[in-house]
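Down below is the structure, laid out as structure tokens.
Throughout, read-outs are computed from the coordinates displayed, never taken from laboratory work. The shown structure was predicted, so the numbers you read here are calculated from the model rather than taken from an experiment. Glycine gets a Cβ as well: all are built from the backbone with ideal geometry, and neighbour counts include every protein chain shown.
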Amino acid sequence: NMCNKKFFLVVILLLVGIFILYNMLTVGQNYSKIVEAGVDKMKKLAETVAKYLPVRGSSNLTELKYERDFLHIDPECFDTQAFYGGVKAKVCYLPGEGRELKKNGGFDGQAVNAIVKAMTVYPDATFLDCGANIGMMSTVVAAMGRQVVSVDPMLEHLSYLRKALELLGNQNNTRLLNNAVSNETSILYPYTKYPSNKAAIQMYTEEEIKKNNYIPTGPAVNVVTVMDILATIHTPTVIMKVDVESFECRAVSTEVAHGKSGHLIPFIIMEWILLQGMPEYGDCVDWLLDGGYKPYHWVSYTEYTKEEVLGLNPIWRGGRHVHDLIWL
């Protein structure tokens, strides 16, 4: 079991240390070479031991790793269009969604291009995809050979994403977290009144589900914060996409915006069509600006003032609105 593995590895580590010490004491002329070789061995053993230790961060993270963690599906998949730099990927789609996706080579192409460009500018960055859906952004960035963390409350979405990653052998550089994202931990249920559009899923408490007589679209999931997730990402730089159906400002909290995780987060693309109705909206704009970010249109890169951002309407109200904002 896991405990025995850890104990076994620690014993090996101690034996190697004793071996190195013995050689240092008995073979003086090869002292420096022995030390150098020993340090290398110790580093490699430490890395091996680390694989069996718990991941830093919240215990509420639900990471899917093995075949048994995913739904058994045999989806149809397609080749994406070529994005910035010529990168292409595979996407597997839910039943009934394929015709337009195959015709267009995917969806959200402008946002994908913006993310690919950002990942190109920051070659050490991990891509954090909050609200991954079936993985349009995640699978493309993974096809660049980059590290990806994809988060979604729907096991179905992550199962389709896993299949797409496997088609190009990119599953090993992509972590899949079956969680919802907000500003505090809890348990929430996914629900949409449009079963044919599972990208429009919003998250509700058990009390809200019962009060509104909703039938959940999927099982309840643990809610984690972006800070929890960032605590498990070891690269110094993170590029973020946040599309969590009105919870965007709860995901990109004031702690995230002010760099409290210790990461450089130079690029955050956020869906901006529903969050205006949330009570934290005005404060959210303030903490992003106070954190040193400036808002830009996701296609034209036109810069917005604070007043212009606050004047944007949610999509359901009509009038002046924007689908996404990029914060740089």
Practice task
Normalising by the residue count of region 99-255, find the relative contact order in percent from Cα pairs under 8 Å and 6+ residues apart.
Solution key: 25 percent
Practice task
Compute the length gained on full extension between K193 and K88: take 0.36 nm times their separation in residues and subtract their Cα-Cα distance, giving the result in nm to one decimal.
Solution key: 34.5 nm
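Order these peptides, 222-233, 86-97, by their mean beta-carbon neighbour count within 10 angstrom, highest first.
222-233, 86-97
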Problem - Label-point separation in nm, E308 to N212, each point 7 Å along Cα→Cβ - result: 3.3 nm
Handout entry: Cα coordinate range in region 106-184, projected on the principal axes (Å, largest first)
Key = 32, 30, 24
Completion exercise
Taking alpha-carbon centroids only, region 105-140 lies from region 262-309 a number of Å equal to 18 Å
Exercise for the section: Give, in nm to one decimal, the length gained when the segment between T185 and K65 is fully stretched (0.36 nm per residue of separation minus the Cα-Cα distance). Expected result: 41.0 nm
Completion exercise
Out of V151, Y194, Y204 - ranked by how far each Cα lies towards the positive end of the dipole of region 124-205, with unit charges on the beta-carbon of charged residues - the top one is Y194
Exercise for the section: For a quick protection proxy, order the peptides 144-152, 121-129, 290-298 by their average other-Cβ count within 10 Å, most packed first. Expected result: 144-152, 121-129, 290-298
Practice task
For region 181-328, count the residues as N, evaluate 2.2 N^0.38 Å, and divide the Cα radius of gyration by that value, please.
Solution key: 1.08
Practice task
In Å and from the alpha-carbon atoms only, list the Rg and Dmax of region 174-227.
Solution key: 11.6, 38
Practice task
Of the listed pairs K193/K306; K241/K306; K163/K210; K65/K210, which have alpha-carbon separations greater than 26 Å here?
Solution key: K193/K306; K163/K210; K65/K210
